[in-house]
Amino acid sequence: MYLGLGEIQGDRADLLIQQAVALAESVVKPLPDQATAVVLSVAGRAYVNPQQVSYETIGPMSVQRPSGSGGLYLTKADKAALKSLAGRGGAFTVDPTPESADPSPTWPLDDAGFVDEFEPGWGYG
């Protein structure tokens, strides 16, 4: 149904799905539940076009394949989707303040709440 083919070779499809899961787990482990779309996309791409033919002419026959063709692969978009589904890959902040940090000021205060001495010219003492 996913590929729109009348007949699916079950053993071949199962193998490709297992390999697609293993490949996706090389990016994010454990896989999130929503990663099925990426896994099916990777496996489906290999199922319908196992040699990754990107150009084809029927008469007098011509085929073009990228170097290293064949097999399963993750596109840049697949990797980004997996990271996004796992909650990774976005902007984040890190608070370096230790939990034991005291929020009170560390400079010496007098009874009025001011530092003991002021610089000349500020109108104090």
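The values are calculated or read from the model by the stated rules, or taken from the named source; none is laboratory data. If you're wondering where the values come from, they're calculated on a predicted model, not measured in any experiment. Glycine also receives a Cβ, built like all others from the backbone with ideal geometry; neighbour counts cover every protein chain displayed.
Q51 passes all but one of (1) touching a Lys or Arg at 6+ places or on another chain (Cβ under 8 Å); (2) of a type outside the set (V, I, T); (3) at pLDDT 65 or above; which number fails?
Here Q51 meets the rest and fails (3).
Return yes or no: is V39 modelled with pLDDT of 80 or more and in contact with a Lys or Arg (Cβ under 8 Å, 6 or more places away or on another chain)?
Answer is no for this residue.
Which is in a loop (DSSP other than H, G, I, E, B), modelled with pLDDT under 70 and not aromatic (F, W, Y), of P30, P60, P66?
It is P66.
Check whether at least one residue in segment 98-106 is aliphatic (A, V, I, L, M) and at pLDDT 75 or above, and report yes or no.
Yes.
What residue, among those in segment 1-27 that are part of a loop (DSSP other than H, G, I, E, B) and at pLDDT 90 or above, is surrounded by the most Cβ atoms within 10 Å (Cβ to Cβ)?
Once the filter is applied, the top-ranked residue is V27.
Quick check on A80: is it of a type outside the set (D, E, K, R), in a helix (DSSP H, G or I), at pLDDT 70 or above and closer than 24 Å to I8 by Cα?
The answer is no for A80.
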